[in-house]
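Single-structure report; data block below.
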Amino acid sequence: MKDKDKDKLVTVAIHTYQKAQILKTILESEGIEAYIHNVNLLQPMVSAGVRVRINEVDLPRALDIIENVRFDDLEVMEESKRENKKEILVPVDFSEFTLKTCEFAFGLAKEVDCDIKLMHVYFSSFYPTSIPFGDTFTVQPTVEGMYKDIHETVEKQMKELISKLNICIADGSIPDVHYSYTLREGLPEEEVVSYSKKIRPYAIVMGTRGSNKKEQDLIGSVTAEVIEGCRTPIFAIPENSHLHSISTMKNIVFLTNFQEREFLALATLMEFIKNYPIKVSFVHVAKKEDRWNEIKLTGLNNYFKEHYPNITTDYTVVDGNEGIPEALEKFVNENTIDLISMSSSPRNIFARMFNPGIARRMLFHTNTPILVIKSSTK
């Protein structure tokens with residue numbers, strides 16, 4: 001290209017190397033010449049702040065194309081080409097108890113023969129579709145630098161976590177299972193839900209702060225939003241939990257409200273625990289005595305024993321006058337329960353705002369791990 005033509009090149013986006021390459025391919029498929037700049041030649045795959053540049057004359061048409069590009073869809077399509085192996089999604093935030101969450105997730109992956117996908121979502125105020133252009137239509141250097149710094153920071157944090165995980169694998173404290181990671185820009189709850197809907201992982205394992213924490217707590221609130229938005233089974237592992245894996249469990253509670261969807265949830269629960277001698281206690285929390293509750297519990301228990309005869313069960317109605325979370329937590333403590341399992345159905349935003357589900361309330365009320373199984377009979 002002649003020098004006078006180079007002066008007419010304008011930057012239309014700044015991305016990671018992978019996204020820049022995807023965008024370049026898309027633009028060229030539409031007949032627009034595109035070039036990428038600012039690539040780390042020694043390690044191009046970890047480059048951040050890579051510029052996608054085009055001829056100024058193509059700018060209006062290119063911006064229309066860029067506006068309609070959905071990178072999360074494109075990335076998921078690429079990921080889906082991998083070997084058809086189930087995976088467990090583990091959102092990580094690099095906090096002090098991230099390793100505890102990973103420990104449980106790796107143990108679960110070993111037990112159910114899955115890969116692990118670590119995901120970290122970071123927020124940046126920079127959005128490629130609304131680039132702050134200067135007089136010459138070039139991206140302002142300070143913005144480009146900020147974006148590159150943020151990406152490099154989270155990349156470094158992820159590699160530090162990987163180093164710790166590799167040490168744990170080497171000393172045998174966590175199982176040796178195949179794992180990979182992805183870094184995404186956006187809001188954590190939105191990105192996790194979006195990924196779950198497209199890839200459909202076998203399960204999601206997330207950390208939470210546990211009891212005595214407020215709903216404003218970032219980690220707990222993200223986990224709560226993911227529970228509301230996902231149909232994937234979700235294990236919420238509290239910061240102070242002593243549970244390391246399903247194989248070490250002795251007693252599980254299944255909270256029931258006698259909904260038809262619970263039969264599907266029970267089938268999912270059995271996929272996780274069928275290989276272990278775990279006792280399942282069916283619990284219904286009620287504010288007043290009703291002999292029909294006892295009859296329904298007996299029927300549910302009989303159904304379960306008929307379909308899963310090798311599993312030990314019992315059932316009880318718990319007095320809920322003090323509130324469901326409080327009553328359930330009291331039962332959990334008195335009976336040395338290792339996991340609280342419950343079914344949940346999709347609810348609209350108004351129901352979630354004015355009547356928070358029991359799963360969300362328990363996140364901030366217990367130090368016992370929770371398994372939420374989203375199911376529907378529709």
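The values are calculated or read from the model by the stated rules, or taken from the named source; none is laboratory data. Since the structure is predicted, the reported quantities are computational estimates derived from the model, not experimental observations. When we count neighbours, we look across all protein chains shown, and the Cβ atoms used for this are built from the backbone with ideal geometry, even at glycine. Surface areas here come from the heavy atoms of the whole protein model, side chains and all, with no ligands, DNA or RNA. Shrake-Rupley method; radii C 1.70, N 1.55, O 1.52, S 1.80 Å.
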What's the number of the only condition in (1) open to solvent by 20 Å² or more (accessible area, probe 1.4 Å); (2) modelled with pLDDT of 90 or more; (3) not polar (S, T, N, Q) that Pro132 fails to meet?
(2)
When (1) in contact (Cβ under 8 Å) with a residue 24 or more places away in the chain; (2) closer than 22 Å to Pro238 by Cα; (3) open to solvent by 50 Å² or more (accessible area, probe 1.4 Å); (4) over 27 Å from the mean Cα position of the chain (by Cα) are applied to Pro277, the one that fails is (2)
Out of all the residues in segment 170-186, which are in contact with an Asp or Glu (Cβ under 9 Å, 6 or more places away or on another chain) and in contact (Cβ under 8 Å) with a residue 24 or more places away in the chain?
Ser173, Ile174, Pro175, Val177, His178, Tyr179, Ser180, Thr182, Leu183, Arg184, Glu185, Gly186
Failed item, numbered, when Met270 is tested on (1) part of a helix (DSSP H, G or I); (2) open to solvent by 40 Å² or more (accessible area, probe 1.4 Å)
(2)
Return the residue satisfying two criteria in turn: it lies in segment 306-344 and is in contact with a strand residue (DSSP E or B) (Cβ under 7 Å, 6 or more places away or on another chain), modelled with pLDDT under 90 and surrounded by fewer than 19 Cβ atoms within 10 Å (Cβ to Cβ), and of such residues it is farthest from Trp292 (Cα to Cα).
Ile324
Output the residue which, of all residues in segment 38-62 that are out of contact with any strand residue (DSSP E or B) (no Cβ under 8 Å at 6 or more places or on another chain) and at pLDDT 80 or above, is nearest to Asp115 (Cα to Cα).
Arg61
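In the set Ile227, Ile204, Ile174, Ile199, which member is more than 15 Å from Thr368 (Cα to Cα), surrounded by 22 or more Cβ atoms within 10 Å (Cβ to Cβ) and at pLDDT below 90? Spell out the reasoning first.
Numbers: Ile204 fails: at pLDDT below 90; Ile174 fails: at pLDDT below 90; Ile199 fails: surrounded by 22 or more Cβ atoms within 10 Å (Cβ to Cβ).
That would be Ile227, the only listed residue that is more than 15 Å from Thr368 (Cα to Cα), surrounded by 22 or more Cβ atoms within 10 Å (Cβ to Cβ) and at pLDDT below 90.
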From the set of residues in segment 63-107 that are touching an Asp or Glu at 6+ places or on another chain (Cβ under 8 Å) and among the aliphatic types (A, V, I, L, M), which is modelled with the lowest pLDDT?
Ile65
Working only within segment 289-308, note down all residues that are touching an Asp or Glu at 6+ places or on another chain (Cβ under 8 Å) and hydrophobic (A, V, I, L, M, F, W, C).
Leu300
Step by step: first the residues of segment 149-171, then only those that are among the acidic types (Asp, Glu) and under 21 Å from the mean Cα position of the chain (by Cα), then the one that is surrounded by the fewest Cβ atoms within 10 Å (Cβ to Cβ). Which residue is that?
Glu160
